[in-house]
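Report on the structure given below.
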Amino acid sequence: MTQQMDPILIKNGIVYLENCILKKASILIAEGKIAKIILDDALDIDNITVVDATNLNIIPGFIDGHIHGARGFDVMDATEEALDTIAQYLPQEGVTSFLATTITQSHKNVEKALVNAAQYKNKPKQAEMIGVHLEGPFVNEKKAGAQPKKYIELPSIELFRKWQELANHKIKTITLAPELDEDGKLIRYLFNAGLNVSAGHTDANFHQIKTAVEYGVRQLTHLCNAMNGIHHRDIGAVGAAFQLNLLRSELIADGIHVSKEMLQMVYDNIGSDRIILITDAMRAKSLGPGDYELGGQLVKVIKDKAVLKDGTLAGSILKMQDAALQMLRLENATIQDIVKMTSTNIAKQLGVDDRKGILAEGKDADIVIVDSNFTIKYTICRGQISFKGK
């Protein structure tokens, strides 16, 4: 039996639509959807919850397309409790949807995680798991980063088919090293199957990335990290992000994975239409310093970063609203730009913009209400208040 939801009226906020901003408007939510966006909030509806958004920004809920864990749990734990805990926590930082992200591991462990994701049922008042991001195992050892090298293998259509079946076709994004895919066989297969193919943990040069785009690569995984940067004789994968308009790029905007100066350079060269903010967060997110685990490896969290024993960055503990604020502080960045980078772009990349990533009538009522410093005041997941801040 479907749970009955009382309507919600968000009043007098600054509403960010895809192509314009309404300075003083209201949104009526009914049955989990955006029913009306109006300038006059004089509505006569029984049993309505009113949210006063005066002087606050009403924007689409954030979508994290690359997150491994939070609150002590990881997608690779392969339990309902792990996905539940992550989904329960994420509205606190404005995230209303996410891709459960795996890591390079043994077939047995990856398959457990995929089966768990396939069986997982989204629950009310939690962020919605909209699919799986398969990170690895088809990556390059030279750029492994925190991907365990012993489980890395060459691209295989057969293995991917098996895993997609186990995942009940929930794999939406796959990160791979395109230079290892002979003649682009796997990339072309994935592209034709409608997947978001992302080049990452790759040693590819510019020409190889350009060729991969011709095969069907449309994204770069955590831009600048685990790939070749710009050199005056070969502009590498980062240069490809700047030059090739078919590519969107994930970006970990914590000032650690990518310096503030580089964030500005990336923003200036790529623009808000092709940047996708992610957290790449691991299980230590929201828990503080200490020893944790990622892909069977010890990870030490010190202050604001997570590292392996040798000092290699191992995901992050970044919160999405902090990434948004970091980008908002850049020169020439506006809240409208942040909306694209946190929500609209990834929704379009994954082909879910018919229901998410944009505030419009008929779409899912995935909404975040924030102040000018991106402090989360309310998060609404599919029409229900999931988090209320101070």
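Numbers for the structure displayed
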item: Search result, residues across the range 224-237 that are free of Cβ contacts under 8 Å to residues at least 40 places away in the same chain and either among the small types (Gly, Ala, Ser) or crowded, with 24+ Cβ neighbours inside 10 Å (or both); result: Gly229, Gly236, Ala237
item: Those residues of the range 199-222 which are free of Cβ contacts under 8 Å to residues at least 60 places away in the same chain, of a type in the set (S, T, N, Q) and outside any loop (DSSP other than H, G, I, E, B), in sequence order; result: Gln208, Thr211
item: Residues within the range 202-223 that are of a type outside the set (A, V, I, L, M) and crowded, with 24+ Cβ neighbours inside 10 Å, tallied; result: 4
item: Output for the range 103-115, where each listed residue is in a helix (DSSP H, G or I) and either open to solvent by less than 20 Å² (accessible area, probe 1.4 Å) or under 18 Å from Asn196 (Cβ atoms) (or both); result: Val110, Ala113, Leu114
item: Residue among Ala35, Ala100 that alone is part of a strand (DSSP E or B), crowded, with 17+ Cβ neighbours inside 10 Å, touching a helix residue (DSSP H, G or I) at 6+ places or on another chain (Cβ under 6 Å) and in contact (Cβ under 8 Å) with a residue 24 or more places away in the chain; result: Ala100
item: Any hit, the range 382-389, residues being part of a helix (DSSP H, G or I) and closer than 15 Å to Ile58 by Cβ; result: no
item: Which listed residue, of Asp354, Asp291, Asp310, Asp322, is acidic (Asp, Glu), open to solvent by 20 Å² or more (accessible area, probe 1.4 Å) and in a helix (DSSP H, G or I); result: Asp322
item: Members of the range 154-201 found to be open to solvent by less than 20 Å² (accessible area, probe 1.4 Å), farther than 26 Å from Asn116 by Cα and either touching a Lys or Arg at 6+ places or on another chain (Cβ under 6 Å) or of a type outside the set (Gly, Ala, Ser) (or both), listed by number; result: Pro178, Asp181
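The values are calculated or read from the model by the stated rules, or taken from the named source; none is laboratory data. Everything numeric here is computed off the predicted structure, so don't read it as measured data. Cβ: placed from backbone, ideal geometry, glycine included. Neighbour counts: every protein chain shown. Remember, those area values only see protein heavy atoms, side chains included, never the ligands or the DNA or RNA. Shrake-Rupley method; radii C 1.70, N 1.55, O 1.52, S 1.80 Å.
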